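Report on the structure given below.
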Number of protein chains: 2
Amino acid sequence: MVDILHRIGVEAATPEKVYEALTTVEGLAGWWTEDVKGSSGVGDTLAFRFPQGGFDMDVVDARPAERVTWRVVDGPQEWIGTTIDWRLHRADDWTIVLFAHEGWVEPVEFMHHCSTKWATFLVSLKALLETGAGSPSPRDLPISDWH
Amino acid sequence: MVDILHRIGVEAATPEKVYEALTTVEGLAGWWTEDVKGSSGVGDTLAFRFPQGGFDMDVVDARPAERVTWRVVDGPQEWIGTTIDWRLHRADDWTIVLFAHEGWVEPVEFMHHCSTKWATFLVSLKALLETGAGSPSPRDLPISDWH
């Protein structure tokens, strides 16, 4: 099993504000994809759609201002069964986000792509919280022929 | 051992042009850090410096338009002995870059940071080749309290 790992810091935002951007449809639509539906309580399902396809996630953990964990239940074959985990902590005036997309069976080329793409969406999350404007799909930053 | 993996596509650039940006001091200074010294032949050492510190890399492989591999010989403890590998291939009008920073002993928080930071430098490499202007240090995109 191999994992995608990232760390980003959001300046002058509390863990509560970052948590909100990860657990409300309005928040998620502000940095990942404008086409998001569903609910974000534990046991609920969130449906994220992009021009290239999409993902359905079951919310398996949600601890206010601390942690959010999703399990992928539908989407590209390589994503199904993987886990996306968000851990938040405070460091002075920053909220630090530790991100892990865990449980890839093989380090395929698509995993390399998703790793880079996640980083750009984390930069989008940071921008949303710091400036009020993220870059969610379909206005996301293209990084390659796979978009 | 754990690895950082990324994939980026550079549009309308040949693998030869991308290789040049990875193997000349002028190219490297255009996307990673303006403070780079040394030579890039196999067996040579490149010294990259940033306001926060730096890395010395031995060039262990360099196959024109195909592959570049560096071994970290000095820098942060967690980097020493790790390998940075660049593989290039063509896909229609794109050059695809498969990047791996391999051999981390543990998935420490600093590795999470470096993963995200590498993605932003790959976006900088892409921008350099597509538009003529990258964002090398000290003009790089800050992503957190660790810069």
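The values are calculated or read from the model by the stated rules, or taken from the named source; none is laboratory data. In this text the structure is predicted, and so the values were computed from the model without any measurement. With ideal geometry, Cβ positions are generated from the backbone for all residues, glycine too; neighbour counts draw on all protein chains shown. We work out accessible area using only protein heavy atoms, side chains counted, and drop any ligands, DNA or RNA first. Shrake-Rupley method; radii C 1.70, N 1.55, O 1.52, S 1.80 Å.
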Overall form of region A:89-136 per C-alpha gyration tensor (a/c, 1.5; a/b vs b/c): oblate
Average accessible surface area per residue within region B:56-147, 1.4 Å rolling probe, Å²: 41 Å²
Over 19 Å between alpha carbons, listed pairs A:Lys126/B:Lys117; B:Lys37/B:Lys126; A:Lys37/B:Lys117; B:Lys37/B:Lys117: B:Lys37/B:Lys126; A:Lys37/B:Lys117; B:Lys37/B:Lys117
Eligible aspartates and glutamates near B:Lys17 by straight Cα distance, threshold 20 Å, same-chain separation 8 or greater: A:Asp145, B:Glu26, B:Glu34, B:Asp61, B:Glu66, B:Asp85, B:Asp92, B:Asp93, B:Glu130
Three-way shape call for the protein assembly as shown based on the alpha-carbon gyration tensor, with the a/c threshold at 1.5: prolate
Length-normalised contact order for chain A - Cα pairs under 8 Å, 6+ apart - percent: 30 percent
Exercise: per-residue mean of other protein chain Cβ atoms within 10 Å, B:116-128: 4
From phi via Karplus (6.51, -1.76, 1.60), per-residue ³J(HN,Hα) for region B:47-64 in Hz, x at Gly/Pro: 10, 9, 10, 9, x, 8, x, x, 9, 10, 10, 8, 7, 9, 8, 7, 10, x
Cα gyration tensor shape for region B:3-147, rounded if a/c is under 1.5, else prolate or oblate: rounded
Selection of chymotrypsin sites (Phe, Trp or Tyr not before Pro), region B:19-60, meeting DSSP coil and at most 12 other Cβ within 10 Å: none
For B:His89, label point 7 Å along C-beta direction: distances to other copies, nm: 4.0
